[in-house]
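Below is one structure, written out as structure tokens, with a few remarks after it.
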Amino acid sequence: MGRILCAGLGPGDPDLMSVRSDRAIRAATHVAYFRKKGRPGQARRIVEGMLQPGATEYPMEYPVTTELPFDSPAYIHCLATFYDDWADRLAALAQTEDVLVLCEGDPFFYGSFMHLYTRLQGRATVEVIPGIPGMVGCWSATGVPITWGDDVMTVLMGTLPEDELVRHMQTADALVVMKTGRNLPRVRSALAKAGRLDQAWLVERGTMPGERVMKLADVDGTDCPYFAIVLVHGSGRRPEVQE
């Protein structure tokens, strides 16, 4: 009887991966990972050079990404079928083998593996290795603490309607906006309406090759990669500096 082990890979830089994930990856003989069709996949890129020679790979290719609205019935059905199919395949494989699933960031923080995890309950032994969330790598790249004292931090999805983004942005001290990409114009507009655009940072490919850290007000927002996060740092109670 095997098991399914999901390794959180952290924000992108292999050096920021946990020791436990590193060991699991190097020992794995069956490795599954998500990717867009026709692409190598970010998770696979992170572990380049770490897999055993001869390890069997299982690219789990999304049937749809941005071709359909993410909240449309067709999109939901297509992705549900995809996760059902791969849960079946991994559960069958885990009857006799250990299977490692790669997941960027932390698997339980908006990770795609969550959709498999819920479907695998009672069907296989499943273990999860935590990872540093991508947003942590991004706010570290700005060189500014994200929260101070009693600051409240809010994590938002750029896919939310603009009025909801504005409402949350007006009340939170520190902000993290994920899933920006093509949603960046909406995020930028919401920050402007909330009076916080001048405080916002855009971090593209945080901790990865090609990392860029910019003030969002200085970016036109028409071209933004998928791996990008918008940050607004808190400004609450800070420790006094002794002179």
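Quick check on the range 8-56: of everything there that is assigned to a loop (DSSP other than H, G, I, E, B) and touching a Leu at 6+ places or on another chain (Cβ under 8 Å), which residue is surrounded by the most Cβ atoms within 10 Å (Cβ to Cβ)? Of everything passing the filter in the range 8-56, 9 is surrounded by the most Cβ atoms within 10 Å (Cβ to Cβ). Filtering the range 153-178 to residues that are part of a loop (DSSP other than H, G, I, E, B), without any contact (Cβ under 8 Å) to a residue 40 or more places away in the chain and open to solvent by 50 Å² or more (accessible area, probe 1.4 Å) leaves only 161. Looking across the range 106-121 at every residue that is more than 17 Å from residue 23 (Cα to Cα) and within 8 Å of the chain's Cα centre (by Cα), the one that is modelled with the highest pLDDT is identified as 109.
If a residue has to be under 16 Å from the mean Cα position of the chain (by Cα) and either charged (D, E, K, R) or outside any helix (DSSP H, G or I) (or both) to count, how many in the range 183-212 make the cut? Please lay out each step first, then the result.
Within the range 183-212, the first condition is being under 16 Å from the mean Cα position of the chain (by Cα), and the residues that meet it are 183, 202-208, 211.
Those still in the list that are either charged (D, E, K, R) or outside any helix (DSSP H, G or I) (or both) too: 202-208, 211.
Within the range 183-212, residues that are under 16 Å from the mean Cα position of the chain (by Cα) and either charged (D, E, K, R) or outside any helix (DSSP H, G or I) (or both) number 8.
Return the total of residues in the range 103-152 being within 18 Å of residue 2 (Cβ to Cβ) and in a loop (DSSP other than H, G, I, E, B). Looking only at that region, the number is 5. Suppose we filter the range 1-46 for residues that are closer than 17 Å to residue 58 by Cβ, within 20 Å of the chain's Cα centre (by Cα) and among the basic types (Lys, Arg); how many remain? Total meeting the criteria: 6. Checked against the criterion of being at negative phi, of a type in the set (Gly, Ala, Ser) and surrounded by fewer than 14 Cβ atoms within 10 Å (Cβ to Cβ), the candidates 236, 149 yield just one match: 236.
Of all residue pairs spaced 6 or more apart or on separate chains, those with beta-carbon atoms under 7 Å, a first member in the range 35-58 that is modelled with pLDDT of 95 or more and a second member that is hydroxyl-bearing (Ser, Thr, Tyr) and open to solvent by 40 Å² or more (accessible area, probe 1.4 Å) are 52/29; 55/29; 56/29.
Within the range 127-146, the set of residues being aliphatic (A, V, I, L, M) and crowded, with 18+ Cβ neighbours inside 10 Å comprises 128, 129, 132, 135, 136, 141, 146.
The values are calculated or read from the model by the stated rules, or taken from the named source; none is laboratory data. Note that this is a predicted model, so its numbers are computed, not measured. Here Cβ is always computed from backbone atoms with ideal geometry, including for glycine, and neighbour counts include all displayed protein chains. When the accessible area is computed, the model is the full protein with side chains, heavy atoms only, and any ligands, DNA or RNA have been set aside. Shrake-Rupley method; radii C 1.70, N 1.55, O 1.52, S 1.80 Å.
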